[in-house]
Amino acid sequence: MTTVSMTVNGKAVSSDVEDRTLLVDFIREQLRLTGTHVGCDTSQCGACVVHVNGTAMKSCTMLAVSANDADITTIEGVANDDLHPMQKAFNDNHGLQCGFCTPGMIMSGIDMVNRYKAEGKKLDETAIRHELEGNICRCTGYHNIVKSISQAAGEM
Amino acid sequence: MHNTTYHKARNAADAASLLSGAEDGTLLAGGQTLIPTMKARLAAPTDLVDVSGASDMRGIIVSGNRVTIGAATTHAEVAGSSEIRAVCPSICDLAANIGDPAVRNRGTIGGSVANNDPAADYPAAMLALGATIQTNTREIAADEFFTGMFDTALDEGEIITGVSFTAPAKGAYAKFPNPASRYAMCGVFVASGDAGTRVAITGAGSDGVFRATDMEAALNSNFSASALDGLSVDAANMLSDIHGDSAYRANLVKVMAKRAVTGAG
Ligand SMILES: Cc1cc2nc3c(=O)[nH]c(=O)nc-3n(C[C@H](O)[C@H](O)[C@H](O)COP(=O)(O)OP(=O)(O)OC[C@H]3O[C@@H](n4cnc5c(N)ncnc54)[C@H](O)[C@@H]3O)c2cc1C
Ligand code: FES
Ligand code: FES
């Protein structure tokens, strides 16, 4: 067991975990933040994407102990009183059906918009599709997800 | 995942001593290969020594056209390095197409090179660029380093600290990604400079990354895609799996090699 401390959605948390505990299990089972999903065993689906110190990472492919002292944002932490522009865009554009992939899509979407803005690059449709390579959706066919991210990119 | 004991190494020497003190310890870098392997219980190290924050294994140094990349440098950092892009854009483009953004934010060049997955991208770059793999005990030429599928010249407990190479006058990497996994079905890195042309192929060979010396000879006398027209690739040395049989891969090697040569200009 190791004591880990981190900031999750602006709140300091600290807990004893087994060293093998995945960050996603820590988030879901200890912190009870179940918006972050687990969709695969193979690190491919992206349902578990969270932001670690501001960058998108797969919380299923990282140990909680590796995130000691980190600043984590999960899907529960992106809205203020209103929905985040990315959440609103998914709502406006019917960017989800069952919604299982959506938390990961939103976290990846926010990350790509922030990164392209910081680098002064244009996030066009081709770029969005390339950036979404690590997020799998079994329902939508991606088209409305791309539209959603595109709308949010204009509003963020 | 079986239980394990986690250690965070401050630097390479610290990592070496933590490893030697462990019963069955393994280095953990970005974890993008090792954690899925442990989750599948295909690996169960008693101890994990995390080198992702090892101070002397991180960062990028470009001096003239000599490039040195610390082993714990992430794919995203290589992809986004304007210093490397100024002298060797091909390796930045390669890094920008490994897996997906979240994988690139954690996966490292040292982990990729150490793992020597037969479908990984960096081994092709290292071999074509004639890179030197630096470890905590010695320097190993890429030609001696990659010794077969998932196999390298690293000794037990040896730690890659960085890689270095001279940027070629011309270079390009052409990858045909598996549409599901994004790993290379075939990836060809072509590098051409004062020392001649080197062509390295990943994803396709049945024994991992290899140099195509017949292509190198043809390109040394005429650096153009058409110089490869008359060559054939022996399907007997190619991987064959549900994604593509060996004849398909043999054809793909030639197609991607021509694209890489065209890309290198
Ligand atoms: C969804 C997905 C898609 C991917 N797609 C691609 C792709 O398209 N192309 C590609 O090339 N790769 C791909 N990868 C693999 C990715 O690039 C990994 O990051 C890389 O193979 C391993 O690097 P790592 O830092 O994550 O190493 P780890 O997983 O931490 O370690 C891998 C192995 O290397 C050893 N090791 C790590 N660092 C060192 C060191 N400094 N010295 C000695 N040994 C060391 C470890 O002990 C372990 O055995 C993908 C991975 C995922 C999950
Ligand atoms: S649950 Fe993390 S990638 Fe699928
Ligand atoms: S909306 Fe169902 S998986 Fe994407």
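Only the coordinates and a few stated rules stand behind these numbers; no lab work does. In this text, all values refer to a predicted model and were calculated from it rather than measured experimentally. Methodologically, a virtual Cβ is constructed for each residue, glycine included, from the backbone with ideal geometry; neighbour enumeration extends over all protein chains shown.
Rounded to whole Å and sorted largest first, what semi-axes of the equivalent ellipsoid does the C-alpha gyration tensor of the range B:5-50 yield via the square root of 5 times each eigenvalue?
19, 12, 6
Within 10 Å of each Cβ of B:27-33, how many other protein chain Cβ atoms are there on average?
3
Applying 1/(1 + (r/R0)^6) with R0 = 35 Å to the Cβ-Cβ distance of B:Glu83 and A:Asp124, what FRET efficiency is obtained, to the nearest 0.05?
0.85
What does the structure give for A:45-57 when I average, per residue, the other chain Cβ atoms found within 10 Å of the residue Cβ?
Values: counts 0, 4, 0, 1, 4, 1, 1, 3, 1, 0, 7, 8, 8.
Mean shielding by partner chains, rounded to a whole number: 3.
For the range B:55-166, divide the Cα radius of gyration by the Kirkwood radius and give the resulting Rg/Rh value with two decimals. Intermediate results must be reported in sequence, preceding the final value.
Working: Rg = 12.7 Å, Rh = 13.7 Å.
My calculation of the ratio gives 0.93.
Using the structure shown, select from A:Lys58/B:Lys39; A:Lys117/B:Lys170; A:Lys122/A:Lys147; A:Lys88/A:Lys122; A:Lys58/A:Lys117 the pairs with a Cα to Cα distance greater than 19 angstrom.
Checking Cα-Cα distances, A:Lys117/B:Lys170; A:Lys88/A:Lys122; A:Lys58/A:Lys117 exceed 19 Å.
Show me the three semi-axes of the equivalent ellipsoid for chain B, from the C-alpha gyration tensor (sqrt of 5 times each eigenvalue), largest first, rounded to whole Å.
31, 21, 15
Any idea which of B:Asn105, B:Ala71, B:Ala125 is furthest toward the positive side of the dipole for the range B:1-155, if Lys and Arg beta-carbons carry +1 and Asp and Glu beta-carbons -1?
B:Asn105
Taking 0.36 nm per intervening residue step and subtracting the Cα-Cα distance, what contour gain separates B:Asn65 from B:Asp151 on full extension?
Numbers: separation 86, 0.36 × 86 = 30.96 nm, distance 2.95 nm.
Once the chain is fully extended between B:Asn65 and B:Asp151, it gains 28.0 nm.
At each listed q (0.20, 0.23 Å⁻¹), what is the log10 of I(q)/I(0) that the Debye formula gives for the range A:2-77 modelled as equal alpha-carbon point scatterers?
-0.76, -1.03
Along each of its three principal axes, how wide is the spread of alpha-carbon positions in the range B:129-261, in whole angstrom units, largest first?
Projected onto the principal axes, the Cα atoms of the range B:129-261 cover 43, 38, 24 Å.
For the pair B:Asp229/A:Cys40, report the inter-label distance in nm, with labels modelled 7 Å from Cα in the Cβ direction.
4.1
Can you give the average number of partner chain beta-carbon atoms within 10 Å of each beta-carbon in peptide A:12-23, as a whole number?
Per residue, the average neighbour count from other chains is 3.
Measuring from the lowest to the highest alpha carbon on each principal axis, how far does chain A reach, largest first, in angstroms?
45, 29, 28
Each residue of the range A:68-74 in order: what ³J(HN,Hα) in whole Hz does its phi give by Karplus 6.51 cos²θ - 1.76 cosθ + 1.60, θ = phi - 60°, with x for Gly and Pro?
4, 6, 7, 10, 10, 10, 10
Once the principal axes of the Cα atoms of the protein assembly as shown are found, what is the range along each, listed largest first in whole angstroms?
67, 53, 43
Find the cysteines in chain A that fail to meet the 4.7 Å Cβ criterion with every other cysteine, and list them.
If one checks each Cβ against the other cysteines of chain A, A:Cys98, A:Cys139 turn up with nothing under 4.7 Å.
Is it possible to state the helix-based mean residue ellipticity at 222 nm for chain B, with each DSSP H run of 4+ residues giving -39500 (n - 2.57), the sum divided by total residues, to the nearest 500 deg cm²/dmol? What is it?
-8500 deg cm²/dmol
Calculate the dipole size of chain A relative to its Cα centre from +1 charges on Lys and Arg beta carbons and -1 charges on Asp and Glu beta carbons; express the result in debye to the nearest 20. Kindly include the intermediate steps, with their values, before the conclusion.
Details: 13 positive and 19 negative charges, 71 e Å.
Approximately 340 debye in magnitude.
Per-residue HN-Hα couplings for the range B:170-178, Karplus 6.51 cos²θ - 1.76 cosθ + 1.60 at θ = phi - 60°, whole Hz, x for Gly and Pro?
For the range B:170-178, the Karplus-derived couplings read 10, x, 7, 10, 10, 10, 9, x, 4 Hz, x marking Gly and Pro.
Just going by the charge dipole of chain A, with Lys and Arg at +1 and Asp and Glu at -1 on Cβ, which of A:Val13, A:Thr140, A:Thr2 is farthest out on the positive end?
Result: A:Thr140, furthest along the dipole toward the positive end.
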